[in-house]
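These notes are about the structure you will find just below.
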């Protein structure tokens, strides 16, 4: 039996820890212009129903406001942050037909920083998680809910991965010290 893949580049043995979107308040923030235009155009259609040229113009603005809102919703819903036992994946829907995907493998991550900025971020508990890797590139999980918790999840995954590797290293070093005490010198 094959395991259902959540995203296209997922490995067969990869375990998904967390899948998240940007915080829902960011959808409202991004679509506020469309929402205001919707309300204004709908009101204009009701109030100026019999005034020539106002009804068609208000209807046109009404239609474009609906399209703008669904565009904002589409890009918001397609932005995904996936944390697995092997890597962090940032799937970003930039426009209707353009998307990008960045990833950082856990063993390459050097630093994880969470930040909450602004009034809305503090009230609704969302912010960014910056991930620095060994290469010059970095990965930022923008507008994610509860960035402190996400930082803790990633840090624990990194720590657990290093503990596994470090445990083997400690065993090898212990063996080397025992062999050196016995007078046997081995280099692996």
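The values are calculated or read from the model by the stated rules, or taken from the named source; none is laboratory data. All values derive from a computational prediction rather than experimental measurement. Note that each Cβ is placed from the backbone with ideal geometry, even for glycine, and that neighbours are counted across all protein chains shown.
Below is a table of values for the structure above.
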read-out	value
Pick from segment 79-130, criterion in contact with a strand residue (DSSP E or B) (Cβ under 7 Å, 6 or more places away or on another chain) and part of a helix (DSSP H, G or I), ranking: nearest to residue 153 (Cα to Cα)	106
Failed item in (1) within 30 Å of residue 112 (Cβ to Cβ); (2) touching a residue at least 24 places away in the same chain (Cβ under 8 Å); (3) surrounded by 15 or more Cβ atoms within 10 Å (Cβ to Cβ), with residue 92 passing the rest	(2)
Segment 16-66 - residue that is in a loop (DSSP other than H, G, I, E, B) and within 17 Å of the chain's Cα centre (by Cα) and, of those, modelled with the highest pLDDT	23
Qualifying positions in segment 145-162 - in a strand (DSSP E or B) and either at pLDDT 95 or above or surrounded by fewer than 14 Cβ atoms within 10 Å (Cβ to Cβ) (or both)	none
Filter result (exposed (fewer than 14 other Cβ atoms within 10 Å of the Cβ) and over 24 Å from residue 122 (Cβ atoms)) within segment 20-55	36, 39, 43, 46, 47, 49, 50, 51, 52, 53
Hits in segment 76-100 (condition: closer than 18 Å to residue 29 by Cα and touching a helix residue (DSSP H, G or I) at 6+ places or on another chain (Cβ under 8 Å))	76, 93, 94, 95
